[in-house]
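K.L.:
Quick one: the structure is below, questions incoming.
The values are calculated or read from the model by the stated rules, or taken from the named source; none is laboratory data. Since the structure is predicted, the reported quantities are computational estimates derived from the model, not experimental observations. Methodologically, a virtual Cβ is constructed for each residue, glycine included, from the backbone with ideal geometry; neighbour enumeration extends over all protein chains shown. When the accessible area is computed, the model is the full protein with side chains, heavy atoms only, and any ligands, DNA or RNA have been set aside. Shrake-Rupley method; radii C 1.70, N 1.55, O 1.52, S 1.80 Å.
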Amino acid sequence: MTGPIRLYMTMSLDGFIAGPDDRPGQELGRGGGRLFNWLDHRNGDGASGRIFGEAMATGALISGRRTFELAGRWQGDHHDGVPIHILTHHVGPADVPPIRYYTDVAACARDARAAAGERATMVHGAGTAQALLRAGLLDELEIHLVPVLLGAGRRLFESVEPTELDLVRRLEDEGVTHLRFVVRR
């Protein structure tokens, strides 16, 4: 049995995952850092600590190229040495192992799921989440909903087909509601 492919994403109430003008040196965009205040409680006993612990127990990572680059390539290790799989439009000469690079979403998902085994595969990046969803390969969404309106920035879902989701968990913590949805097939 393999674990789910699960998006982990923090989002404002108006659907933004970063403020406007996200770029190197301002990775979360203007005002986007506000979305991650809940991480101040990641080592606590509350819901945010539980969610963070679950995220760090995932067995592999799928990320988009943009997210990967903005994060400084995580210095080659996202968490605990889990395999990193990058979904990209182009694989270049600097794209070398141990990071694995893919232009095919199905191959990326297959290899990441195999690497994760029974553990969940963590997904980062709006474009990657959309590609996995379109391909029918995204199983769950773990949304950290922050009660703020950013008004502009990078949206999580720009252009997706209508998709039914089942809410399977809701946890409240200071400044955030953690929502887990299963993609209805």
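K.L.:
Restricting the search to the stretch 105-135, which residues are acidic (Asp, Glu) and not in a helix (DSSP H, G or I)?
P.N.:
118
K.L.:
Could you list, in sequence order, the residues of the stretch 1-30 that are among the basic types (Lys, Arg), open to solvent by 40 Å² or more (accessible area, probe 1.4 Å) and not in a loop (DSSP other than H, G, I, E, B)?
P.N.:
23
K.L.:
Right, something else. Just one of 121, 163 is within 17 Å of the chain's Cα centre (by Cα) and of a type in the set (Ser, Thr, Tyr); which is it?
P.N.:
After applying the criteria, what remains is 121.
K.L.:
Hey, residue 104 hits all of (1) under 21 Å from residue 73 (Cα atoms); (2) in contact (Cβ under 8 Å) with a residue 12 or more places away in the chain; (3) among the charged types (D, E, K, R) but one; which does it fall short on?
P.N.:
Against the list (1) under 21 Å from residue 73 (Cα atoms); (2) in contact (Cβ under 8 Å) with a residue 12 or more places away in the chain; (3) among the charged types (D, E, K, R), residue 104 comes up short only on (2).
K.L.:
Would you be able to say whether some residue in the stretch 96-103 is in a loop (DSSP other than H, G, I, E, B), at pLDDT 90 or above and open to solvent by less than 30 Å² (accessible area, probe 1.4 Å)?
P.N.:
yes
K.L.:
OK, next. Here is a list: 81, 33, 46, 59. Which entry is open to solvent by 20 Å² or more (accessible area, probe 1.4 Å) and more than 25 Å from residue 146 (Cα to Cα)? Before the answer, list the steps.
P.N.:
Working: 33 fails: more than 25 Å from residue 146 (Cα to Cα); 46 fails: more than 25 Å from residue 146 (Cα to Cα); 59 fails: open to solvent by 20 Å² or more (accessible area, probe 1.4 Å).
Of 81, 33, 46, 59, the one residue that is open to solvent by 20 Å² or more (accessible area, probe 1.4 Å) and more than 25 Å from residue 146 (Cα to Cα) is 81.
K.L.:
Continuing with this model, one more query. Please find, among 76, 46, the residue that is among the small types (Gly, Ala, Ser) and more than 23 Å from residue 143 (Cβ to Cβ).
P.N.:
76
K.L.:
Within the stretch 31-46, track down each residue that is in a helix (DSSP H, G or I), over 22 Å from residue 61 (Cα atoms) and in contact with a strand residue (DSSP E or B) (Cβ under 8 Å, 6 or more places away or on another chain).
P.N.:
Of everything in the stretch 31-46, those that are in a helix (DSSP H, G or I), over 22 Å from residue 61 (Cα atoms) and in contact with a strand residue (DSSP E or B) (Cβ under 8 Å, 6 or more places away or on another chain) turn out to be 32, 34, 37, 41.
K.L.:
Give me a count of the residues in the stretch 136-185 that are in a loop (DSSP other than H, G, I, E, B) and either under 23 Å from residue 66 (Cα atoms) or open to solvent by less than 50 Å² (accessible area, probe 1.4 Å) (or both).
P.N.:
16
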